[in-house]
Amino acid sequence: MKRIRYISQKLFFSILFFILFFVVSAQEAVPKAGASAQELADKLANPVASLISVPLQNNLNYGIGPFNGSKYTINIQPVIPFKLTENLNLITRYILPVVDQRDITGNNTHQFGLSDATVTAFFAPKTKGLIFGIGPAFLIPTATDELLGTEKFGVGPSALVMHQGKGLSVGFIANQIWSVAGNEDRADFNQFYTQIFLSHSYKSGASLGVNAEITQNWNAKTTLISLNPSIGAVTKLGDQVVQFAISPLIPITGPSESKPDWGLRAILAFVFPGS
């Protein structure tokens with residue numbers, strides 16, 4: 001009972017911290033009137049755009065591992081920009097996963113709670129056409145169950161390179177993280193992640209795209225690759241600007257213990273156009 005109470009408190013306060021941090025930071029942004037739906041769609045396709053957003057990324061995967069497990073993950077992913085100079089922004093990106101998984105670690109097993117958080121900061125000069133950003137990435141052991149996290153602190157570099165014209169975005173985002181502290185009884189973390197993306201937006205705010213996600217675990221010598229076509233739209237719920245998107249998750253290759261048979265992703269992003 002005490003452990004359940006501890007997990008619940010850790011889950012509550014971790015989510016509360018992320019929400020409060022977002023609210024305080026968002027107050028500094030001034031809404032920009034007159035931005036078209038296509039302009040917002042293009043900004044949302046740019047990971048280092050000066051735009052506050054709070055995507056809720058829902059991922060559902062089935063047929064995982066030897067016990068045919070299932071896994072539902074909602075990633076709370078606020079993106080908060082900070083203006084450093086007239087020509088340089090700091091774009092901070094946060095990923096806090098909440099996981100509900102069954103039959104992953106064994107037959108008739110169930111884990112629910114937070115997984116480890118990832119925080120990335122990109123120093124992004126203001127450019128047109130070719131866009132780039134570099135900075136650190138951090139792994140933070142926020143998991144509420146030892147089976148949902150690494151119990152390791154990690155750090156490494158992150159980078160983004162993309163080209164964007166009106167209606168067209170193409171590029172990649174990547175990071176490499178090594179564990180530097182944490183539970184010595186747990187395996188070291190040494191992982192590379194990249195997402196290669198292409199999207200096209202329309203005047204209505206609709207968009208079509210595709211991305212490939214590649215995760216390389218250097219210690220285990222495994223590679224997980226998925227191909228994810230998507231369709232999305234920018235619209236309003238009352239006065240709130242939002243983006244909806246849906247994407248099948250098509251596994252290409254991966255280790256048998258973690259590669260799903262199929263998956264589905266649905267995203268609801270709350271958008272706060274800023275200066």
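The values are calculated or read from the model by the stated rules, or taken from the named source; none is laboratory data. Predicted, not measured: the structure shown is a model, and the values here were computed from it. Neighbour counts run over all protein chains shown; Cβ positions are idealised from the backbone, glycine included. For accessibility, only protein heavy atoms count, side chains too; no ligands or nucleic acids. Shrake-Rupley method; radii C 1.70, N 1.55, O 1.52, S 1.80 Å.
General remarks:
- Scanning segment 150-176 for residues that are out of contact with any His (no Cβ under 8 Å at 6 or more places or on another chain), open to solvent by 10 Å² or more (accessible area, probe 1.4 Å) and of a type in the set (A, V, I, L, M) gives VAL155, ALA159, VAL161, ILE173, ALA174.
- Which numbered condition ASN89 fails, given (1) touching a Ser or Thr at 6+ places or on another chain (Cβ under 8 Å); (2) over 28 Å from ASP42 (Cβ atoms): (2)
- Qualifying residue in segment 176-195 (condition: among the small types (Gly, Ala, Ser) and closer than 19 Å to GLN77 by Cβ): no
- Being over 22 Å from ALA233 (Cβ atoms) and in contact (Cβ under 8 Å) with a residue 60 or more places away in the chain is a description that does not apply to ILE196.
- Among the residues of segment 254-275, those that are farther than 14 Å from ILE231 by Cα, part of a strand (DSSP E or B) and either aliphatic (A, V, I, L, M) or open to solvent by less than 60 Å² (accessible area, probe 1.4 Å) (or both) comprise GLY263, VAL271, PRO273.
- Hey, GLY209 among the small types (Gly, Ala, Ser), more than 19 Å from THR73 (Cβ to Cβ) and in a strand (DSSP E or B) or not: yes
- Of the residues making up segment 118-149, just one is crowded, with 21+ Cβ neighbours inside 10 Å, aliphatic (A, V, I, L, M) and touching a residue at least 60 places away in the same chain (Cβ under 8 Å), namely ALA124.
- Restricting segment 238-253 to residues that are of a type in the set (Gly, Ala, Ser) and in a strand (DSSP E or B), the residue that is least open to solvent (accessible area, probe 1.4 Å) is SER247.
- Qualifying positions in segment 66-106 - open to solvent by less than 20 Å² (accessible area, probe 1.4 Å) and in a loop (DSSP other than H, G, I, E, B): PRO78, GLY106
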